[in-house]
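A short write-up of the structure that comes next.
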Amino acid sequence: MNIKNIAIVGGTHGNEYTGVYLIRKLRINQFQEKWNGLNIDLLIGNPKAYEKCVRFIDHDLNRSFGKKDLTDFELPGYEANRAKVISQKIDSPKTDFIIDLHTTSANMGVSIILVNDNIYNFKMASYIKSKIPNCHIYYIPTESYAEHHFLNTLSPYGFALEVGPIPNGIVRHDIFNQTSNTINVALEFINMTNSGENPEINGAIEVFKHRKVVEFPKDKEGNINAIIHENLQDKDYQPLKKGDPIFSTLEGEIVTFEEDEILYPVFINAAAYYYKNIAFSLTEKVSVDIKENLAKIMKWNNKS
Ligand SMILES: [Zn+2]
């Protein structure tokens, strides 16, 4: 395993400023020289959306990297074109590893988001977890989210980094530093594995595996008519069990969680998803065995 060409992308969503400011800082500080031997490309994902402080202009850029869409030159819209430009940059020279920087208004802390089951990515996530113990690993397998078409799918290795809570359109020193620190730990891992070292990692890691999204309740006209219940607010990655309140409707009713199994909500009340009526996502906690050369995903035994 030798990873040479790396892309770090900020501002894939134009109103998530942390990534954009960080890319600007890394460019000023000759970041490349500090990581001798690695070829690091620093990209702003969606400059036009950043200028306007919006998530996207015509279409979510981070849902625009499907193979079919990338070869459809008739596809209209700014992001359809931008996705092709980024994809070409990632292709020449062939980029082995992508870190795609995001932030969220939800209380997600530092979340490493993996979009495939490459063992190298899980090992890196385990290494990051050993250095940043309160980070979470969120795994979104392609089959559970057939059309995710994330920027990260352009290369086999890497992750999306989601840090929060932070409002859209601002930068905070603490979130900025957490993002920057995570990048440094990831590059440290790459340097170690490139030089043949075997970084010490846990053989089994706790991972939150994506299950499904939960929509807000709606009225007959299709308008959202409930708000996230205060007991659920900010409880990302905490167990949700049958009977727990999840919504308070405008009519004054409490909607409770009705699944029989314990699941773990993420992206609770994320500002980015209101336009899609999405209230939160549900994950199951799994244990991933990374001792062998294959990521073996097992049920989490601890029922809490
Ligand atoms: Zn984002």
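Taking a point 7 angstrom from the Cα of GLU197 along the C-beta vector, which residues in region 19-49 have backbone N less than 12 Å away?
Those under the cut-off are none; the list is empty.
Check each of the GluC sites (Glu not before Pro) in region 77-175 and keep only those in coil by DSSP with at most 11 other C-beta atoms within 10 angstrom; list them in order.
GLU147
Which pairs break 32 Å Cα to Cα here: LYS68/LYS276; LYS67/LYS241; LYS68/LYS235?
As for pairs spanning more than 32 Å Cα to Cα, those are LYS67/LYS241; LYS68/LYS235.
Where in region 1-63 are there GluC sites (Glu not before Pro) that are in a DSSP coil and have at most 13 other Cβ atoms within 10 angstrom of their Cβ?
none
For LYS291, go through the lysines and keep the ones whose alpha-carbon is under 25 Å away, minus same-chain ones fewer than eight residues off.
LYS4, LYS123, LYS129, LYS131, LYS209, LYS299, LYS303
Give the carbon-plus-sulfur fraction of the accessible surface of the chain in %, rounded to a whole number; probe 1.4 Å, heavy atoms of protein chains only.
Summing carbon and sulfur atoms, their accessible area is 48 percent of the total for the chain.
Can you give the FRET efficiency for TRP35 and GLU215, using 1/(1 + (r/R0)^6), R0 = 41 Å, r = Cβ-Cβ distance, to the nearest 0.05?
0.45
May I ask you to give the solvent-accessible area per residue for the chain, in square angstrom, as obtained with a 1.4 angstrom probe?
For the chain, the solvent-accessible area averages 47 Å² per residue.
Which of rounded, prolate or oblate describes region 183-304 when judged by the alpha-carbon gyration tensor and an a/c cut-off of 1.5?
Verdict is prolate for region 183-304.
Compute the angle between helix 173-194 and the longest alpha-carbon principal axis of the chain, please, reported from 0 to 90 degrees and rounded to the nearest 10.
Orientation of helix 173-194: about 50 degrees from the principal axis.
The values are calculated or read from the model by the stated rules, or taken from the named source; none is laboratory data. Predicted model only: the values in this text are computed from it and were never measured. Neighbour counts are summed over all protein chains in view; Cβ atoms, including those assigned to glycine, are modelled from backbone coordinates with ideal geometry. Areas reflect the complete protein model, heavy atoms only, side chains present, ligands, DNA and RNA absent. Shrake-Rupley method; radii C 1.70, N 1.55, O 1.52, S 1.80 Å.
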